[in-house]
């Protein structure tokens, strides 16, 4: 099975941080990189990609930085993962948006592997598309240890 990349993991960490600061001013990229322990050059490229896809917005100047482009309750994990990783399906023949039959497949409609992989894709999509940034941050906050230390994803 395909796993998500370090790039996507870093993007989600940055977005969880921006979720916590939603409604305030923009967050400096240097602050975000330091607090989330993400290499700044890597984070710059990630945030630029997220900006291109309308997930974050940036402002230049003295009070500049990055912020979420819309409410964290409107940004799903599935949407972010698709932007950074592409389709959720484990095989191209099981994809809803990028269907491509396997080379060795003679009948995609009757392929047992495709049938199962579509179920996997549907289960993954149901969870990721049904979970927002706000949901994840609420879960993280509910799981905080009594000593106040932070969990990292």
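So what is the relative contact order for the chain, in percent, with contacts set as C-alpha pairs under 8 Å and at least six apart? If you can, show how the numbers build up before the last one.
On the way: 174 pairs, mean separation 37.4, N = 153.
About 24 percent, as a whole number.
Between residue 22 and residue 7, what is the label-point separation in nm under the 7 Å Cα-to-beta-carbon projection?
2.5 nm
With 10 angstrom as the radius, rank 40, 124 by how many other C-beta atoms surround their C-beta, starting from the fewest. Please report the intermediate quantities before stating the final value.
Working: 40 11, 124 16.
With the sparsest Cβ surroundings first, the list reads 40, 124.
Given an 8 Å cut-off on Cα distances and at least 6 residues of separation, report the relative contact order of region 76-131 as a percent.
On the way: 57 pairs, mean separation 25.5, N = 56.
This gives 45 percent for region 76-131.
Work out how much length residue 115 to residue 63 would gain on full extension: take 0.36 nm times their residue separation and subtract the Cα-Cα distance, in nm to one decimal. Before the final figure, lay out the partial values.
Working: separation 52, 0.36 × 52 = 18.72 nm, distance 5.16 nm.
Going from the current span to full extension adds 13.6 nm.
Evaluate E = 1/(1 + (r/R0)^6) for residue 131 and residue 106, where r is the Cβ-Cβ distance and R0 equals 35 Å; express this FRET efficiency to the nearest 0.05. Display every interim value, and only then the final one.
On the way: r = 37 Å, r/R0 = 1.06.
With R0 = 35 Å, the Cβ-Cβ based efficiency is 0.40.
Report, please, the projected area of region 1-48 averaged over directions, based on the convex hull of its C-alpha atoms, in nm². Intermediate results must be reported in sequence, preceding the final value.
Numbers: hull surface 14.6 nm².
Answer in nm², one decimal: 3.7.
Counting only helical runs of four or more DSSP H residues, what would the 222 nm mean residue ellipticity of the chain come to if each run contributes -39,500 (n - 2.57) and the total is spread over all its residues? Walk me through the numbers before you get to the answer.
Numbers: 6 runs with 73 residues, N = 153.
So the calculated ellipticity at 222 nm is -15000 deg cm²/dmol.
Could you calculate the FRET efficiency of residue 73 with residue 49 from 1/(1 + (r/R0)^6), where r is the beta carbon distance between them and R0 is 25 Å, rounded to 0.05?
Numbers: r = 22 Å, r/R0 = 0.89.
Taking R0 as 25 Å, the efficiency between residue 73 and residue 49 is 0.65.
Give the order of 104, 36 when sorted by the count of other beta carbons within 10 angstrom, beginning with the fewest. Walk me through the numbers on the way to the answer.
Numbers: 104 6, 36 18.
Going from sparsest to densest Cβ surroundings: 104, 36.
Between residue 41 and residue 138, take the C-beta separation as r, use R0 = 22 Å, and let me know the FRET efficiency to the nearest 0.05. The partial results should precede the final answer.
Values: r = 31 Å, r/R0 = 1.42.
The calculated FRET efficiency here is 0.10.
Scan (i) 43; (ii) 55; (iii) 58 for the value of percent of Cα pairs over 20 Å apart calculated from this model and give just the label.
Correct label, based on the coordinates given: (ii).
Readers should treat all values here as calculations from the given coordinates under stated rules, not as data from a laboratory. Not measured: the values here are computed from a predicted model. Positions of Cβ are generated from backbone atoms using ideal geometry, with glycine treated the same way; all protein chains shown enter the neighbour counts.
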